[in-house]
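Note sheet for the following structure.
The values are calculated or read from the model by the stated rules, or taken from the named source; none is laboratory data. As the structure is a computational prediction, the values presented were derived from the model and not from experiment. Heads up, the Cβs are rebuilt from the backbone with ideal geometry, glycines too, and the neighbour counts pull from every protein chain shown.
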Amino acid sequence: MNSNIKQTTKSKLKTDTVFYQHANTINRFAMSFEVKEKDLLARIGKLKTKTATIETPLLFPVINPSIQPIPTRRLKEHFGFEAIITNAYILYKRYKNQPIDQTLHKFLDFNGAIMTDSGAYQILVYGNVAINQAQIVNYQEQISSDIATILDIPTGWHVKKERAKQTVAETIKRAKVFFKQKTRNDILWVGPVQGGKYLDLVAKSAQAMRKLPFPIHALGSPTEVMESYRYDVLVDMIMTAKMNLPPDRPLHLFGAGHPHMMALATALGCDLFDSAAYALYARENRYMTENGTWRLEELSYFPCQCPKCASSNPKAVLELPKKEKEIFLAEHNLHVCVAELKRIKQSIRDGRLWEHVEMRAHAHPTLLSALKRVKDYRDFVEKYSPATKPSGLFFFGAVDLPRPEVVRHEKRLRENYLPPENVKVLLLTPQTRTKPFQKSVEFKKIRQVIARAEQNPSAKKVHVCFYVAPFGVVPIELTEVYPLSQHEAVTPLDQETILHVARQVGDYIKRANYQSVVLINDSENWNSTIQKACKAACKNKNVPFVSLTTKVFDRKDILTSLENILKNNLSE
Ligand SMILES: [Zn+2]
């Protein structure tokens with residue numbers, strides 16, 4: 001047994017390790033993708049290639065050896081990039097045997113991991129390439145890429161479904177043939193998923209690819225989707241691929257590397273990105289930021305303190321000779337990408353990736369639309385998100401309702417929860433600023449009222465549940481379960497959130513079997529929506545319902561009324 005395999009198997013026992021091993025190949029080489037940290041569908045992982053072990057999420061800067069603005073060696077030494085990507089088809093066309101004779105790593109002067117694309121992008125732009133798959137597979141083996149790609153057919157954006165079908169069928173056909181063409185087992189081959197905006201085709205493509213022992217998958221043709229600012233469609237594409245691919249294989253989002261969308265894509269489970277944009281934008285005077293792109297002419301100040309921007313200003317850079325300006329912008333663009341990736345990784349560690357994605361989503365309406373689209377996939381995201389986190393939740397509004405923690409509480413309450421036995425009355429009380437809620441000053445007074453109404457303290461006939469944004473119903477005995485007391489919500493609440501909580505309250509009443517329901521209706525924060533939902537649910541169940549409406553619910557007269565109502569309900 002290879003020592004790499006042993007080592008990885010051992011660490012599997014210790015940590016939450018995902019280990020994938022080429023199933024149908026001779027195990028002279030073991031590839032491992034080991035997950036260290038998770039948040040949402042994002043993961044910080046270690047991907048082992050034959051040259052280097054690289055940390056994901058990772059961005060490969062795209063290298064074009066003929067017009068490279070920044071020396072490749074500098075990318076590692078100055079910026080810390082552990083890996084780069086270049087195009088095998090361009091190498092083949094322009095340099096033929098040179099990268100074979102020198103080896104790719106020497107040819108590119110880069111001692112980290114090198115990924116090669118096969119020419120698929122050229123197919124998308126120029127229609128076809130003068131090379132077949134056997135040749136490009138063989139070439140990538142000869143130059144000794146660390147990660148390499150089969151010659152897939154990208155679907156693209158402006159295509160009819162018939163054409164999209166053909167690209168998927170041909171890519172699957174080539175993927176199957178590929179396993180007879182390859183001769184080396186130490187290269188990590190990428191199995192691309194195509195289908196474009198046709199989600200049924202993306203699903204079909206991913207289902208076919210998952211059956212083949214590719215150690216890495218990639219989602220093709222997102223570039224044009226992003227250029228049209230259809231980030232909502234991108235969410236659909238990524239999620240469809242994710243739901244149909246093995247979760248333990250890393251996913252590369254081809255042609256995506258703008259810092260303003262990396263947080264969202266990472267949160268949806270993309271592990272690898274590549275960016276040609278840093279250099280292409282630099283050529284066109286475009287300045288990237290984590291919130292979008294500016295033209296250099298538009299800037300009076302640099303909103304960045306990278307080593308380039310800290311010592312210059314937009315006017316001075318505009319006056320630089322063309323080549324110098326391009327290098328300045330390319331370096332700045334890369335610094336921004338690196339900084340954003342670090343923030344994303346720290347957010348994963350802190351369990352605050354959702355908050356980070358939400359912050360980025362507010363940079364552009366199309367990004368916020370995309371975040372809203374996550375609602376359609378909330379059950380899947382919940383299923384694979386970690387159950388506990390090192391931090392509490394910030395709840396800003398209705399856009400946060402699909403958060404896995406909210407979905408999980410709703411699901412657990414619906415599927416696994418039963419109220420304590422023998423309780424007769426459901427007392428619904430509003431959330432308090434203090435958490436856990438039962439330790440608040442207001443609730444302590446209510447607790448005394450309940451004790452007086454119950455008379456016999458061991459009887460416990462009144463069951464208290466809090467109505468809480470964004471979670472809905474929180475039974476008193478669960479208030480200290482994470483994250484029901486570890487969150488901060490914005491007040492006043494928005495109506496969509498209030499409606500969501502009201503729906504939860506109504507459903508809860510309908511599911512449970514209380515003999516009566518009493519609501520302390522906090523009209524200050526919740527208007528009359530909760531009250532209406534309770535009334536409708538009680539009518540549906542044919543259960544008596546009483547509501548006490550107040551802005552200050554620990555007022556003396558309210559407490560007296562509550563005591564009388566509870567006594568009355570308990571005596572029936
Ligand atoms: Zn900068």
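Quick rundown of the values:
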{"quantity": "Scan of region 79-91 for residues that are hydrophobic (A, V, I, L, M, F, W, C) and not in a loop (DSSP other than H, G, I, E, B), ordered by number", "calculated": "Ala83, Ile84, Ile85, Ala88, Ile90, Leu91"}
{"quantity": "Restricting region 287-316 to residues that are assigned to a helix (DSSP H, G or I) and near the ligand (Cβ under 9 Å from one of its atoms), the residue that is surrounded by the fewest Cβ atoms within 10 Å (Cβ to Cβ)", "calculated": "Ala310"}
{"quantity": "Any hit, region 269-284, residues being among the hydroxyl-bearing types (Ser, Thr, Tyr) and within 11 Å of the ligand (Cβ to nearest atom)", "calculated": "no"}
{"quantity": "Members of region 460-484 that are part of a loop (DSSP other than H, G, I, E, B) and in contact (Cβ under 8 Å) with a residue 24 or more places away in the chain", "calculated": "Lys460, Lys461, Ala469, Pro470, Phe471, Thr479, Glu480, Tyr482, Pro483, Leu484"}
{"quantity": "Selected residue [assigned by TED's automatic domain parsing to the domain that holds Phe254, of a type in the set (S, T, N, Q) and in contact (Cβ under 8 Å) with a residue 60 or more places away in the chain] from Thr149, Thr171, Thr183", "calculated": "Thr149"}
{"quantity": "Near pairs, Cβ below 8 angstrom, 6+ apart or cross-chain, from region 292-310 (within 15 Å of Tyr281 (Cα to Cα) and at pLDDT 95 or above) to any residue that is within 11 Å of the ligand (Cβ to nearest atom) and of a type in the set (Val, Ile, Thr)", "calculated": "Leu296/Val317"}
{"quantity": "Criterion: of a type in the set (Ser, Thr, Tyr), surrounded by fewer than 20 Cβ atoms within 10 Å (Cβ to Cβ) and in the same structural domain as Leu341 (by TED's automatic domain parsing) - qualifying residue of Thr116, Thr103, Thr86", "calculated": "Thr103"}
{"quantity": "Selected residue [at pLDDT 95 or above, crowded, with 24+ Cβ neighbours inside 10 Å, closer than 23 Å to Ser385 by Cα and more than 13 Å from the chain's Cα centre (by Cα)] from Ala267, Ala241, Ala263", "calculated": "Ala241"}
{"quantity": "Hits in region 500-550 (condition: under 19 Å from Val462 (Cβ atoms), in a helix (DSSP H, G or I) and aliphatic (A, V, I, L, M))", "calculated": "Val505, Ile509, Ile530, Ala537"}
{"quantity": "Some residue of region 322-332 being out of contact with any helix residue (DSSP H, G or I) (no Cβ under 8 Å at 6 or more places or on another chain) and either more than 24 Å from Val62 (Cα to Cα) or within 11 Å of the ligand (Cβ to nearest atom) (or both)", "calculated": "no"}
{"quantity": "For Ala113: the one exception among (1) at pLDDT below 95; (2) within 20 Å of Phe254 (Cβ to Cβ)", "calculated": "(1)"}
